[in-house]
Amino acid sequence: MQPCIVKQPIHNEKGELWAYELSYSNAAVDGAGQPGDVEAAATLQALLMQCNTENFLENKIAFAYFTANLLRRGTPRIFAAQSLVIEIDHDFLLLPDAMKVVNAYHDEGYRVALVGFDFNAMYLSALNTVDYVKLSFQSPSFNHKSAVEVLRELGKEVIAYHVDSAESYRRADQLSIRHMQGSYIASTLPTTLRSLNLIPGNFFRLVVAITREEPDFEEIEEIIVRDVTLTYSLLKLVNSAFFALRTRVTTVHHALVILGLEQLKQWIYLLSFNPDGKAPIEFIKASLFRASFCEALCAGMQDMPISRSDAYLMGLFSTLGSLLQVPLEQALAELSLPAEVRDALLTGEGRCGILFKLVCSYEQADWHLISEYAKLLDIPQDTLSQKYLVCMDKVSDIWKQITQVL
């Protein structure tokens, strides 16, 4: 069976993307515990064989879990030392050869992150072999304050994970933890987000127009020329060094012909954001990924009551409430969407709702829910993992191309 792999963002104290954690499972049937040797090896091999690793990780640090056996066999060395943080389970440190194994990787320039924490004296004595300690903020009953104080005295960098709610974020923030990971972090916009002076109604009409089954370029041109910001940005994009044209483009019609539908679709959505490093890049890209993944999965499904373009809109508009800082229901009221899409986003009902929940579960590497929703939609596990990697590569390519010229 095709291994599953998900990259989950880790942000710094400024809300900027700092690293990715590679979460994986060989079968989305059991979310408990860490993967075993077979799952870990098979999934890492799949990552290396099926996609451009540099493109997949976008030149960010990768946190990846390795079992004791894979560590002893030197498996982490398939990654460059400067791009990898080796994750180990806290129980590994209690093994007789643990310090020798970890120190060998340290000598080669690798960094090590410990997943979990225990106040056991034997355990504490082995902490000098690690650089980071990941603390779960899923349970409010754990004494995070004491753990953070001890770890800081030992000179260890703390990373908060399972930051999945405003309350868990508050607890981590009060402890001044610099790096955090979780669904709440990935879906919260900082107040520094800036946007271009677009006409909201016109912008939404444009998004709807480009995602129709058969887009009308005359309609698209008419919408764009109504807005000076859209016209300026489009011509700036097409006349950039990325396209390397011999003559300058001076009309919207010519620019649309050169850009093409697929790049136009992605570019229009990104127009609202200034990619200056202050905006939550991973959050914006998550919207693009949801749209692409929903569309890709919908293309091969039976009895789906919406089209591929509607599935794309469903993923794209799933974060609209956060982007506009209003309730999602209010944001969707501005748009003419199929009832199935609206119900899916607001209540999770129907087959469309199951599709959307499947995509969100994949983002969070919730293997149990992935398996449940995939069975309901009759989507093979191999199809899920293959399309995930394809969509991730596609969104990464689009992001690189567009951010270079906007």
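The values are calculated or read from the model by the stated rules, or taken from the named source; none is laboratory data. Since this is a predicted model, take the numbers as computed values, not measurements. Counting neighbours? That spans all protein chains shown, and the Cβs are built from the backbone with ideal geometry, glycine included.
Identify the single condition in (1) at pLDDT below 90; (2) on the phi < 0 side of the Ramachandran plot; (3) among the small types (Gly, Ala, Ser) that GLY116 does not satisfy, given that it satisfies every other one.
That leaves (2) as the condition not met.
Among the residues of segment 66-75, is there at least one that is free of Cβ contacts under 8 Å to residues at least 60 places away in the same chain, out of contact with any Ser or Thr (no Cβ under 8 Å at 6 or more places or on another chain) and among the aromatic types (Phe, Trp, Tyr)? Quick ask: steps written out before the conclusion?
First pass over segment 66-75, keeping only residues free of Cβ contacts under 8 Å to residues at least 60 places away in the same chain: 66-75.
Remaining after also requiring out of contact with any Ser or Thr (no Cβ under 8 Å at 6 or more places or on another chain): 67-75.
If we keep only those that are among the aromatic types (Phe, Trp, Tyr) as well, we get none.
No; the residues of segment 66-75 include none that is free of Cβ contacts under 8 Å to residues at least 60 places away in the same chain, out of contact with any Ser or Thr (no Cβ under 8 Å at 6 or more places or on another chain) and among the aromatic types (Phe, Trp, Tyr).
Of all residues in segment 265-299, which are modelled with pLDDT of 80 or more and surrounded by fewer than 20 Cβ atoms within 10 Å (Cβ to Cβ)?
Within segment 265-299, ALA299 is the sole residue that qualifies.
Kindly establish whether HIS90 is surrounded by 13 or more Cβ atoms within 10 Å (Cβ to Cβ), within 20 Å of HIS11 (Cβ to Cβ) and touching a Phe, Trp or Tyr at 6+ places or on another chain (Cβ under 7 Å).
Working: surrounded by 13 or more Cβ atoms within 10 Å (Cβ to Cβ): yes; within 20 Å of HIS11 (Cβ to Cβ): no; touching a Phe, Trp or Tyr at 6+ places or on another chain (Cβ under 7 Å): yes.
Here the answer is no, as HIS90 does not meet what is asked.
Can you name every residue in segment 51-69 that is surrounded by fewer than 19 Cβ atoms within 10 Å (Cβ to Cβ), hydrophobic (A, V, I, L, M, F, W, C) and at pLDDT 75 or above?
Within segment 51-69, ILE61, ALA68 meet the criteria.
Which pairs turn up if I take residues in segment 129-154 that are outside the structural domain of ASN12 (by TED's automatic domain parsing) and part of a strand (DSSP E or B) and look for partners that are surrounded by fewer than 16 Cβ atoms within 10 Å (Cβ to Cβ) and among the aliphatic types (A, V, I, L, M) with beta carbon separation below 7 Å, at least 6 apart in sequence or on another chain?
Hits for this filter: zero, empty list.
Working carefully through the options LYS394, LYS357, LYS375, find the one that is among the basic types (Lys, Arg) and at pLDDT below 85.
On the way: LYS357 fails: at pLDDT below 85; LYS375 fails: at pLDDT below 85.
Of LYS394, LYS357, LYS375, the one residue that is among the basic types (Lys, Arg) and at pLDDT below 85 is LYS394.
Yes or no: segment 96-106 includes at least one residue that is loosely packed, with under 12 Cβ neighbours inside 10 Å and either part of a helix (DSSP H, G or I) or in contact with a strand residue (DSSP E or B) (Cβ under 6 Å, 6 or more places away or on another chain) (or both).
Scanning segment 96-106, I find at least one residue that is loosely packed, with under 12 Cβ neighbours inside 10 Å and either part of a helix (DSSP H, G or I) or in contact with a strand residue (DSSP E or B) (Cβ under 6 Å, 6 or more places away or on another chain) (or both), so the answer is yes.
Starting from segment 359-380, take each residue that is closer than 20 Å to SER292 by Cβ and without any contact (Cβ under 8 Å) to a residue 24 or more places away in the chain and list its partners that are assigned to a loop (DSSP other than H, G, I, E, B) and of a type in the set (S, T, N, Q), counting only C-beta distances under 9 angstrom and pairs at least six apart or across chains.
Taking only residues 6 or more apart or on different chains, the pairs are PRO380/GLN2.
Checking the structure you have, find out if any residue of segment 104-114 is acidic (Asp, Glu), in contact with a Phe, Trp or Tyr (Cβ under 9 Å, 6 or more places away or on another chain) and under 27 Å from PHE56 (Cβ atoms). It would help to see each step written out before you state the result.
To start, the set of residues in segment 104-114 that are acidic (Asp, Glu) comprises 107-108.
Keeping just the survivors that are in contact with a Phe, Trp or Tyr (Cβ under 9 Å, 6 or more places away or on another chain) gives none.
No: zero hits.
Among (1) of a type in the set (A, V, I, L, M, F, W, C); (2) modelled with pLDDT of 85 or more; (3) assigned to a helix (DSSP H, G or I), where does LEU48 come up short?
(2)
For segment 167-176, give me the residue count where each residue is surrounded by fewer than 20 Cβ atoms within 10 Å (Cβ to Cβ) and either of a type in the set (A, V, I, L, M, F, W, C) or in a loop (DSSP other than H, G, I, E, B) (or both). Before you say what the answer is, go through the steps one by one.
We begin by selecting, within segment 167-176, every residue surrounded by fewer than 20 Cβ atoms within 10 Å (Cβ to Cβ); these are 167, 169-171, 173-176.
Among the residues that remain, those that are also either of a type in the set (A, V, I, L, M, F, W, C) or in a loop (DSSP other than H, G, I, E, B) (or both) are: 175-176.
The qualifying residues number 2.
Go through segment 87-129 residue by residue and tally those that are within 28 Å of the chain's Cα centre (by Cα) and of a type in the set (Gly, Ala, Ser). I'd like the intermediate steps shown before the answer.
Residues of segment 87-129 within 28 Å of the chain's Cα centre (by Cα): 87-90, 109-117.
Okay, now just the ones that are also of a type in the set (Gly, Ala, Ser), so 109, 113, 116.
Final tally of qualifying residues: 3.
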